[in-house]
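Q: I am attaching a structure below and will ask some questions about it afterwards.
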Amino acid sequence: MTENTTIPVLPVLIAKDFASDQEPKWCPGCGDHAVLQQIKNVLPELGIAPENIVFVSGIGCSSRLPYYLATYGVHGIHGRALPMATGLKVSRPELSVWVGTGDGDALSIGGNHFIHTLRRNPDLNVVLFNNEIYGLTKGQYSPTSKIGLRTVTSPSGVIDQPFNTAALTLGSGGSFFARAFDRDGKFLRSILKRAALHKGTSLVEIYQNCPIFNGGAFEAFSSADNKANNTVYLEQSKPLIFARGKRGIWLDGFQPIVVDLDKEGISSSDLWIHDETDINKASILAHFADDHADLEESLPRPFGVFYAKERITYEDALTSQISDAQKNGIGTFEELLRGDQSYEIKKA
Amino acid sequence: MTDTTKSTRQVNVTSKTSVSVLFAGDSGDGMQLTGTQFANTVATQGTELNTFPNFPAEIRAPAGTIAGVSGFQLQFSSKPVYTPGARFDVMVAMNSAALKANLKDLHRGGIIIAGTEGFDEKNLKLAGYPEGANPLEDGSLSNYILFPVPILQLTREALKESGLSSKEIDRCKNMFVLGLLYWLYTLPLEGTFETLRAKFQKNVHMAEANIRAVKAGYFFGDETELFANLGRFDIAPQKQHGTYRRVTGNEACAIALTAAAKKAGLKLFLGSYPITPATEILSTLAKKKKYGVKTYQAEDEIAGIVSSIGAAYGGALAATNTSGPGLALKTEALGLAVILELPLVVINVQRGGPSTGLPTKPEQSDLFMAMYGRHGEAPLPVIAASSPVDCFYCTYEAARIAVEHMTPVICLTDGYLALSSEPWKVESPDNLAPITPRFHAPRQPVDPPFLPYKRDDRQVRAWAIPGTKGLEHRIGGLEKQNETGNVSHDPENHELMTKLRAQKINQIADTIPLQTIDNGPEKGDLLVLGWGSSYGAIKTAVEQAIEQGYSVAHAHLRYIHPFPKNLEEILGNYKKILVPELNNGQLIHIIRDTFLIAPEGFTKIQGVPFNEMEILIKITDIIKELQS
């Protein structure tokens, strides 16, 4: 305790202040380093004291995240980060609760929790590191691995249809979905901030490269040319334009069509205008990923906020029920023990 | 005690010490409601009481069949009772299946009140009686006092001008039976009238019709010659004056969690998933929002416990409730709670297993799972409740140990305790043991570094919850370095941490009460060592054996891990130890293993509780053998 009783000046925190004393143990070149850096960049911008931030994780490479941040953190068990975070948030709604998870953790062993968390909508910031592989157990295919991928457990190629994270999120009633890329730090940072400010479960899927077991999985979106031709960055109220301004997406009914802006007499005002509050458009965007982006004439892969529409959070709904139940006063200890069916036995 | 409904005729009233009654009928006959109402009325008289419902696993088993029989048994008495009665003295059988299913447990010479309409050709066939046989008419019940009563017909006559539909009228027949039993046991009717008026607040006709049916049953007893020889009975009240409530084991668990949170100054969080027979703990707590209780019905058993671990990390009194299959699913998360060293109350309402087993039937077969059912070295305290009211004290104690020793605690009850009820003298908050969480204070930058796994002399770490300045730290399921809590794969450190975690649990033995002898001599021929819900049956059997002059004592374990410090000494004071259990022998293994002695087991694995006679016979057999 200090003797000085003047009003404490809130220190201005910087990214470095959110680094714990533990050295990250991820492989060199792993996309997780980049994601960690952007999280550290975003945290000071939120104006939340470190003691009021908690990172919760499951199991997997990405689930080591909490150890490297100078906030509160719990590293739980495989697949169960979301229920742990929910329990924490429901009991302590004032905390900023983040979840670090991976494609195996969130979508395979934790798949049930994934869908149910999204429909309940507690105010969690979920950072889903999707590297389309199991890294920590050394290279088995994951529920987002592409069909045909050869791994130690799929020597003849994966035959399971991969999960479409965006479609799964929206189908589960998620109130926020965004996609980002480990290689695009500035954009990732902006998306993480949007996610943090969204009240409700915000799901950010980050394409994250595992150089050891699935290197190049996102090559189709990586190099400057690939990025230009195979990705479209979503901006609210802006048309969907890509390929360095040369191509756009035109919506023919429910059918998205790639058009050349200079050739086909179509101007940017005719294109699909992004509206992140439109669940139908978000669902169409989600299914862009069903295409193989490395093929000619295919749809570009969208990045950015697909959908963001706030609705009541689980903890607010519960708190409101409790306030209702307490409107005539909080139940007393005596009342609790007596119950409402008690009876008197008088002296005989 | 005065009757509110005047008798028109003088009938002899006999005083009795105690009586056990079974209401049995088809699951659609409303026997649970009838039994509950009867029990409420008995309780308010100040009579000692113990109840137990017995209903089919199916919501609507085929009507008229043995599988569809639903029963509610209760014993009320002028002296303390600990069971619903090994056998009943009176059986209400609304149909032939109810009679057939339960006759074996009726005392010879017991009373049968049979609803004759349930013994028509169709019902007899459904119950599996041979063609042409009717127990009400063929003399096969001559060892009992049989009262065939046309319950349905009499209800219809009483309610013919009620304005209700014939279906609604027929549904009131259970109230007729209730009225008749009130007459037989000289009990008042007003409490039931009040309940019915409250229940059918929006349907006055329905309330009045039900009340009329109760009265019709009462008057029938009064007016018919049928009971002239039998007369009426009176069970004198026994309870001391005071405020009472009737609780089931599940309700008691729910109240205890709320009370423990109040006492500790914590918020209660229950993460749970519905499972028979544990669900009422969740549903009871869901109605306690007035006390700030947060319940979370998770998507599965795993999310139930893990959400609670999250809440415990945040500083709540966190709990989860389940039954066997659910506990199996929670075991990995229990290991996490052990290594995180966070407080957590796990109430396991045991049922017959393995797998889905006997979902509605009690068994004590999860003791091994509670003790050992985790991977790795993961000891945790295990305690067991012995009666519906004890479910309160045991759950409260589980919360105290969890919070004060920073550990998950398993509190074992079972399907018998969960659904049984008994009167409970309302507890005063001041009489409950203090529960003191040890939260770590905020830390200034100049203070020494915060060590999350630094222990006090009980090996307990402090509770460092988010929101506390200067304590930001990371913990997890990976083995941690002593004191700092940083991830560590160091071989010696792992051994040290394993032993520290075990030592912490063992040291709980310093804070729990010593084992007592419930009844009987401190040294003698035989000690009956029980645990859990067999308390009532053992208690009653030992009482009787002592009356018969046998040298036998009863000790009942609440603390199974760690054991009370004096248990070994107590066990050494008897020539023989008998361990009755509703399983294939589990506590007996632990006793043998811990104390290197050879107790005798007595097991029952039938999905029904022990009855006192079985235990009494076993006691007398053993002692006779010892003496021969």
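The values are calculated or read from the model by the stated rules, or taken from the named source; none is laboratory data. In this text, all values refer to a predicted model and were calculated from it rather than measured experimentally. In this analysis, Cβ positions are derived from the backbone assuming ideal geometry, glycine residues included, and neighbour counts consider all displayed protein chains.
Q: Across the stretch A:189-245, which residue is nearest to the chain's Cα centre (by Cα) among those that are polar (S, T, N, Q) and in a loop (DSSP other than H, G, I, E, B)?
A: Of the stretch A:189-245, the ones polar (S, T, N, Q) are A:190, A:201-202, A:208-209, A:214, A:222-223, A:226, A:229-231, A:236-237.
Still in the running and in a loop (DSSP other than H, G, I, E, B): A:201, A:208-209, A:214, A:222-223, A:236-237.
Working: A:Thr201: 8, A:Gln208: 13, A:Asn209: 16, A:Asn214: 21, A:Ser222: 21, A:Ser223: 24, A:Gln236: 19, A:Ser237: 22 Å.
Among those residues, the one meeting the criterion is A:Thr201.
Q: Checking the structure you have, find out if any residue of the stretch B:152-166 is free of Cβ contacts under 8 Å to residues at least 40 places away in the same chain, outside any helix (DSSP H, G or I) and under 32 Å from the mean Cα position of the chain (by Cα).
A: No, the stretch B:152-166 has no match at all.
Q: I need every pair where a residue in the stretch A:323-343 that is within 7 Å of chain B (Cβ to nearest Cβ) has its Cβ under 9 Å from the Cβ of a residue that is at pLDDT below 95 and part of a loop (DSSP other than H, G, I, E, B), sequence separation at least 6 or different chains.
A: From residues that are within 7 Å of chain B (Cβ to nearest Cβ), the pairs are A:Tyr343/B:Gly46.
Q: Please state which one of B:Gln507, B:Gln459, B:Gln503 is buried (at least 17 other Cβ atoms within 10 Å of the Cβ), in contact (Cβ under 8 Å) with a residue 12 or more places away in the chain and away from chain A (no Cβ under 14 Å). Spell out how you get there, then give the answer.
A: Details: B:Gln507 fails: buried (at least 17 other Cβ atoms within 10 Å of the Cβ); B:Gln503 fails: buried (at least 17 other Cβ atoms within 10 Å of the Cβ).
Among B:Gln507, B:Gln459, B:Gln503, only B:Gln459 is buried (at least 17 other Cβ atoms within 10 Å of the Cβ), in contact (Cβ under 8 Å) with a residue 12 or more places away in the chain and away from chain A (no Cβ under 14 Å).
Q: Could I ask something else about it? When the residues of the stretch B:293-309 are narrowed to those that are more than 7 Å from every other protein chain (Cβ to nearest Cβ) and either over 13 Å from B:Lys330 (Cα atoms) or without any contact (Cβ under 8 Å) to a residue 12 or more places away in the chain (or both), which ends up surrounded by the fewest Cβ atoms within 10 Å (Cβ to Cβ)? If you could, list the steps in order and put the result at the bottom.
A: Step one: filter the stretch B:293-309 for residues more than 7 Å from every other protein chain (Cβ to nearest Cβ), giving B:293, B:295, B:297, B:301, B:304-305.
Right, trim to either over 13 Å from B:Lys330 (Cα atoms) or without any contact (Cβ under 8 Å) to a residue 12 or more places away in the chain (or both) and you get B:293, B:295, B:297.
Working: B:Val293: 24, B:Thr295: 23, B:Gln297: 16.
It comes out as B:Gln297.
Q: Which residue out of A:Ala70, A:Ala34, A:Ala15 is more than 10 Å from chain B (Cβ to nearest Cβ), hydrophobic (A, V, I, L, M, F, W, C) and without any contact (Cβ under 8 Å) to a residue 60 or more places away in the chain? Give the derivation first.
A: On the way: A:Ala70 fails: more than 10 Å from chain B (Cβ to nearest Cβ); A:Ala34 fails: without any contact (Cβ under 8 Å) to a residue 60 or more places away in the chain.
After applying the criteria, what remains is A:Ala15.
Q: Out of the residues in the stretch B:465-483 that are within 14 Å of another protein chain (Cβ to nearest Cβ) and in contact with a Phe, Trp or Tyr (Cβ under 7 Å, 6 or more places away or on another chain), state the one that is surrounded by the fewest Cβ atoms within 10 Å (Cβ to Cβ). Show your work before the answer.
A: Here is the first cut: in the stretch B:465-483, the ones within 14 Å of another protein chain (Cβ to nearest Cβ) are B:465-481.
Then drop every residue that is not in contact with a Phe, Trp or Tyr (Cβ under 7 Å, 6 or more places away or on another chain), which leaves B:465-466, B:470-474, B:480.
Working: B:Ile465: 22, B:Pro466: 25, B:Gly470: 17, B:Leu471: 19, B:Glu472: 23, B:His473: 24, B:Arg474: 26, B:Lys480: 22.
The qualifying residue surrounded by the fewest Cβ atoms within 10 Å (Cβ to Cβ) is B:Gly470.
Q: Can you tell me which of B:Leu99, B:Leu146, B:Leu106 is over 27 Å from the mean Cα position of the chain (by Cα) and aliphatic (A, V, I, L, M)? Can you show your working first?
A: On the way: B:Leu99 fails: over 27 Å from the mean Cα position of the chain (by Cα); B:Leu106 fails: over 27 Å from the mean Cα position of the chain (by Cα).
From the options B:Leu99, B:Leu146, B:Leu106, the qualifying one is B:Leu146.
Q: Of everything in the stretch B:104-127, what is in contact with a Pro (Cβ under 8 Å, 6 or more places away or on another chain) and either assigned to a helix (DSSP H, G or I) or of a type in the set (Ser, Thr, Tyr) (or both)? Give them in sequence order.
A: Passing the criteria: B:Thr116, B:Glu117, B:Phe119, B:Leu126.
Q: Tally the residues that are surrounded by 21 or more Cβ atoms within 10 Å (Cβ to Cβ) and touching an Asp or Glu at 6+ places or on another chain (Cβ under 9 Å), restricting the search to the stretch B:571-582. Walk me through how you get there before you give the answer.
A: Restricting attention to the stretch B:571-582, the residues satisfying the condition of being surrounded by 21 or more Cβ atoms within 10 Å (Cβ to Cβ) are B:574, B:577-582.
Then drop every residue that is not touching an Asp or Glu at 6+ places or on another chain (Cβ under 9 Å), which leaves B:574, B:577-580, B:582.
Of the residues in that region, 6 qualify.
Q: Quick one: B:Trp424 ticks every box in (1) at pLDDT 95 or above; (2) outside any strand (DSSP E or B) bar one, so which box is it?
A: Condition (2) is where B:Trp424 drops out.
Q: Working carefully through the options A:Lys263, A:Lys246, A:Lys199, find the one that is modelled with pLDDT of 95 or more and farther than 23 Å from A:Glu132 by Cβ. Outline the logic, then answer.
A: On the way: A:Lys263 fails: modelled with pLDDT of 95 or more; A:Lys246 fails: modelled with pLDDT of 95 or more.
Within the list A:Lys263, A:Lys246, A:Lys199, the selection yields A:Lys199.
Q: Something else: Spot the failing condition for B:Gly265; the list is (1) facing chain A (nearest Cβ under 10 Å); (2) surrounded by fewer than 24 Cβ atoms within 10 Å (Cβ to Cβ); (3) under 17 Å from B:His405 (Cα atoms), and only one is missed.
A: Against the list (1) facing chain A (nearest Cβ under 10 Å); (2) surrounded by fewer than 24 Cβ atoms within 10 Å (Cβ to Cβ); (3) under 17 Å from B:His405 (Cα atoms), B:Gly265 comes up short only on (1).
Q: Just need a number here: residues in the stretch B:167-185 that are assigned to a loop (DSSP other than H, G, I, E, B) and more than 14 Å from B:Gly217 (Cβ to Cβ).
A: Let us first name the residues in the stretch B:167-185 that are assigned to a loop (DSSP other than H, G, I, E, B), namely B:171-172, B:185.
Now drop any that are not more than 14 Å from B:Gly217 (Cβ to Cβ), which leaves B:171.
Looking only at that region, the number is 1.
Q: Among B:His556, B:His589, which is the only one that is outside any helix (DSSP H, G or I) and not assigned by TED's automatic domain parsing to the domain that holds B:Ser387?
A: Values: B:His589 fails: outside any helix (DSSP H, G or I).
It is B:His556.
Q: Would you mind finding the one in B:Gly35, B:Gly25 that is within 18 Å of the chain's Cα centre (by Cα), closer than 22 Å to B:Lys167 by Cα, crowded, with 21+ Cβ neighbours inside 10 Å and in the same structural domain as B:Leu184 (by TED's automatic domain parsing)? Give the steps one after another, and end with the answer.
A: Values: B:Gly25 fails: within 18 Å of the chain's Cα centre (by Cα).
None of the others qualify; the one that does is B:Gly35.
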